[in-house]
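Accompanying notes for the structure given below.
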Amino acid sequence: MSRKIWNWRCLGGCGKMKLKTRPKSGLCPNCGEYCAPAVVASKSQAAALARKSWKTVSCSSAVEATQKLGLTASAPKEEFIADLRKITRARNDVAVAGHLIAHRHIFGRSGFCNGDFKSRSKLRIALRRGPSSPFFPRPSLRTSPEVMGKLVEAELELRAGRRCMKSLSLVSQRLVFQHPVLGVKVNVEIDGDADGLPVELKTVATLGKIPRKIFGMMMQLAGQAISKGVDSGVLIIAERDGELLTAVCVSGLTNFHRKHVEKWAAEASQEGAVA
Ligand SMILES: [Zn+2]
């Protein structure tokens, strides 16, 4: 613990940074833009996350909720499930905690991101957004669902990188794609890959909470599939409060995404949001 690393995020082009000294007056030492510190897991949180194990289950409510959206849902193949079992196993080196950080969101960035296509209201806001200055919202508490979700994701990423995986990797990837309906460039971040298909990692309080959130998750996964030029993807959902983890393979994502965005864009254009 002698050499402290400062995890900050810059509003300018520097992005997420690991610094040896604390930025002065909250300004980026590289470009002078504002930057903000990441939330770092407490010692007890870090120990609990290292020791946390999940049970890989099939979740019929997630499959049914996906099928209700007109998508094809199936269980992942055995090789993938074997990989999931590897990352759900706890680890003993509880002192390793440098990966357990949650960077601050950035709001008001110009251009489109995949999250803008999660719902009709999000897309409407994105379509109306003019040139704006990015800003950090107020920091979230260490124990908030948002931060806990990021810490769980970081923990699973670490394990996936260390253990011998056959099909699944959890190395994040940033892509830009041209939106098939709107023609605009969309920035997308993908959590991982399974044999060329995008993998999205989500956390929920408990698996019972999935059906309400499945639509937005599928719109995001669809944007990721489109950016990779495929029509399928895998959604992994881990409980934050419980010990269950599930995964669903989904196909038919391109049409699903197009259909909704076409409808929303037509509605927005009637309201005058699009020129
Ligand atoms: Zn910077």
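Given Ala95, Ala62, which one is within 20 Å of the chain's Cα centre (by Cα), modelled with pLDDT under 95 and not in a strand (DSSP E or B)? Exactly one of Ala95, Ala62 is within 20 Å of the chain's Cα centre (by Cα), modelled with pLDDT under 95 and not in a strand (DSSP E or B), namely Ala62.
Could you go through region 34-50 and let me know if any residue there is loosely packed, with under 12 Cβ neighbours inside 10 Å and outside any helix (DSSP H, G or I). Within region 34-50, not a single residue is loosely packed, with under 12 Cβ neighbours inside 10 Å and outside any helix (DSSP H, G or I).
Only residues that are touching a Gly at 6+ places or on another chain (Cβ under 6 Å) and over 19 Å from Cys164 (Cα atoms): list them for region 199-216, please. Give the derivation first.
Step one: of region 199-216, the residues touching a Gly at 6+ places or on another chain (Cβ under 6 Å) are 199, 203, 206.
Thr203, Thr206 - these are the residues of region 199-216 that are touching a Gly at 6+ places or on another chain (Cβ under 6 Å) and over 19 Å from Cys164 (Cα atoms).
Residues in region 21-78 that are at negative phi, without any contact (Cβ under 8 Å) to a residue 12 or more places away in the chain and hydroxyl-bearing (Ser, Thr, Tyr): 2 in all.
Which condition number does Gly252 fail, the rest of (1) free of Cβ contacts under 8 Å to residues at least 60 places away in the same chain; (2) on the phi > 0 side of the Ramachandran plot being met? It is condition (1) that Gly252 fails. Given the residues Leu151, Leu141, which is the only one that is crowded, with 18+ Cβ neighbours inside 10 Å and not in a strand (DSSP E or B)? Just a single option satisfies the conditions, and that option is Leu151. Summed over region 114-138, residues that are touching a residue at least 40 places away in the same chain (Cβ under 8 Å) and crowded, with 16+ Cβ neighbours inside 10 Å total 9.
The values are calculated or read from the model by the stated rules, or taken from the named source; none is laboratory data. All values derive from a computational prediction rather than experimental measurement. Every residue, glycine as well, gets a Cβ built from its backbone with ideal geometry; the counts of neighbours run over all protein chains shown.
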